[in-house]
Amino acid sequence: MTVPTVPRDLQTHAIRAGQQRTAECEHSDPIFATSSFIFNSAADAAAKFAQKTPGNVYSRFTNPTVRAFEHRLAALEGAAYCVASASGMSAILCLALALLKVGDRVAVSTSVFGSTVSLFTKILSRFGIIADFVPLTDLAAWRKAITPDTRLVFVETPSNPLCDIGDLAALAALAHEAGALFAVDNVYCTPVLQQPFALGADVVVHSATKYLDGQGRCVGGALVTDDKALHEKLFNTLRTAGPAMSPFNAWVFLKGLETLPLRMRAHCDHAAEVAHWLVDHPAVTKVHYPGLASHPGHDLAARQQSGFGAIISFEVSGDKDSAWQVIDSTQMLSITANLGDVKTTITHPASTTHSRISADERKAAGIGDELIRVAVGLEPPADIIADLARGLDHIEARSKS
Ligand SMILES: *Cc1c(COP(=O)(O)O)cnc(C)c1O
C-alpha cells in the first residue's frame, strides 16, 4: 500500500493539519474537556511524569485539543513547533520569561501593540530587563540600538494603526549578527499573508484572539518556532508559569483556522476596495494602506507579504470632532478597538488605543486627532462604504457651506 503524500497547500493544512482521530472515528475535532489524564499503572505514571514516555499528564502541560491547534498553526507558519497560551499577551510574557534575565536588553519596534509596550516598560522593567524602542522602518536606528547585551529583537509589522512595514529579512540579519533572537508578532498578517520564518524569524508570536479565531469569540495566543531547543524552553516556561490555553478555546480556534486562508483573502479584497474609495473621497485627506502605491511601505509589503491586510487608517479634513462624527454616524460598523473579525470595526486611535501616550508622542508617531482606523471585515464592501459615507458626506457638505 502506498502512503499518500501530505498536501502542503496552506488551505489543506488549515483544514487537516493536527487532527488525530480517536477510536470513536469522529469527523470533527473533539474537545478534550479534562484537567488530568489517567495512567495504565504506577510505572506508566512515573515514566510520564519523568517525561521518559510521551503522553498526557495534566492539561496545564498538554491537552489533545490544544495540541491539535498547536500542530495546525505550526504547519501554517511552516514551522515544527508551537506552544499555545491563554492570550497573546501571555505568549509574549512567556517568551520574555523563557529567554531573558536581569541586565538583558530587548530591542522593540516603537509601534507594537499597546499592552506589549506596557509589559516591557511597566512590568519586565521591574525585573531588570531593559527595552530599547526603535522606529520600525529606521534600519540605521536598529543598527545603533542592537548591542551585545541585546538578547531579543521584537517587531510587529505592519504596525498599528499606520501600517508601517518593517523589513523582516534585514532586521533578522541585524539581530543574528548581534547574537540575538528575532521574534515577529504576526497577528495582523497571519501566516496566510506573511511567513516570517522564510525571512529569518526565530519565533512567531500570535494573538489567536484576532484573525485566527476570526469571529471575536475567544482570547488566546501562541508562540511558534522551528527550533527544538527553543521550543523546549518556551514549553517548560509556559507549563510552569501556567497561562495554558483552554481546550474549549483551542477547539474554537481550530474551527477558525479551517477558514483562515479564505477569510484573509476576502479581508484583503474588501479592504482594497474600501481604501480606494476613501482615497477618492473629498473629505478624506490621507489614507494609510500598504496596498496603495502612495504608501511608503508599499514595495516592501508587496515583496514580503502575499496580501496587504485589512487594516486601514485615514485622516479626515477637520479635527477630532469630524473624526468622531464619522464614527458616530455609522449604523453597521462596530465601534470597538478590536480587529480581526468578520464584523468591520472602527476606532479613533488618539482617544482609545493610543490615549495613554502623551499628545506629543502621538504627534511624533503620526497619530493625529483626525485619524480613524477601520479593520475591514467580511460584509460586502458596498455596505461598509455606505456606512462610512454617512458621516464623511456630511463633512464634505459642511466644509463647503
Ligand atoms: C491583540 C494583540 C496582542 C495581544 O493579544 P491578546 O490576545 O489580546 O492578549 C498582541 N499583538 C497584537 C498585534 C495584537 O493585536
Worksheet entry | Extreme residue, positive dipole direction of the chain, given options 209, 222, 139 (C-beta unit charges) | 222
Worksheet item: With charges only on Cβ, +1 for K and R and -1 for D and E, what is the dipole size of the stretch 10-258 about its Cα centre, in debye, rounded to 20?
Response: 600
Worksheet item: Relative to the longest principal Cα axis of the chain, at what angle does helix 320-329 sit, 0 to 90 degrees, rounded to 10?
Response: 70
Fill in: CD proxy at 222 nm, helix term only [per DSSP H run n ≥ 4: -39500 (n - 2.57); per residue of the chain; nearest 500]
-12000 deg cm²/dmol
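Would you mind telling me the antiparallel percentage of the DSSP bridges in the chain, rounded to 5?
Beta bridges within the chain, antiparallel portion: roughly 55 percent.
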Item to complete: Normalise the Debye intensity by I(0) for the stretch 16-110, one equal point scatterer per Cα, no solvent, then take log10 at q = 0.13, 0.15 Å⁻¹ and round to two decimals.
Response: -0.64, -0.81
Discussion item. Out of the trypsin sites (Lys or Arg not before Pro) in the stretch 80-185, which ones are loop residues according to DSSP with at most 12 other C-beta atoms within 10 Å?
Written reply: 101
Worksheet entry | Nonlocal amide H pairs with residue 378, under 5 Å, H built at 1.01 Å | 343, 344
Response to the item:
For the chain, the longest principal axis of the Cα atoms and the Cα long axis of helix 381-400 enclose an angle in degrees, to the nearest 10, of 30
Worksheet item: Gap in Å between the Cα centre of the stretch 274-296 and the Cα centre of the stretch 175-196?
Response: 27
Fill in: Extent along principal axes [Cα atoms of the chain; Å; largest to smallest]
84, 50, 37
Worksheet, complete the sentence: Computed over the chain: longest principal axis from alpha-carbon atoms vs helix 64-77 long axis, angle to nearest 10 degrees, is 60
Fill in: Overall form of the stretch 176-285 per C-alpha gyration tensor (a/c, 1.5; a/b vs b/c)
oblate
Worksheet, complete the sentence: Mean projected area (nm²) from the convex hull of Cα positions in the stretch 284-344 is 5.1
Worksheet item: Using the 10 angstrom Cβ neighbour count as an exposure proxy, how do 154, 133 rank, fewest first?
Response: 133, 154
Worksheet entry | Full-extension gain in nm, residue 285 to residue 130, via 0.36 nm per residue minus C-alpha separation | 51.9 nm
Worksheet item: So which lysines pass the test for residue 210, namely a Cα distance under 29 Å, with those fewer than 8 places away in the same chain ruled out?
Response: 122, 228, 233, 255, 286, 320, 343, 363
Worksheet item: Hey, in the GNM for the chain with a 10 angstrom Cα cutoff, which one of 247, 30, 64 fluctuates hardest?
Response: 30
Practice prompt. Using only Cα atoms, figure out Rg for the stretch 261-400 and give it as a multiple of 2.2 N^0.38 Å.
Written response: 1.00
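Where a number appears in this text, it was derived from the coordinates with a stated rule and is not lab data. Because the structure is a prediction, the values reported are computed rather than measured. Neighbour counts are summed over all protein chains in view; Cβ atoms, including those assigned to glycine, are modelled from backbone coordinates with ideal geometry.
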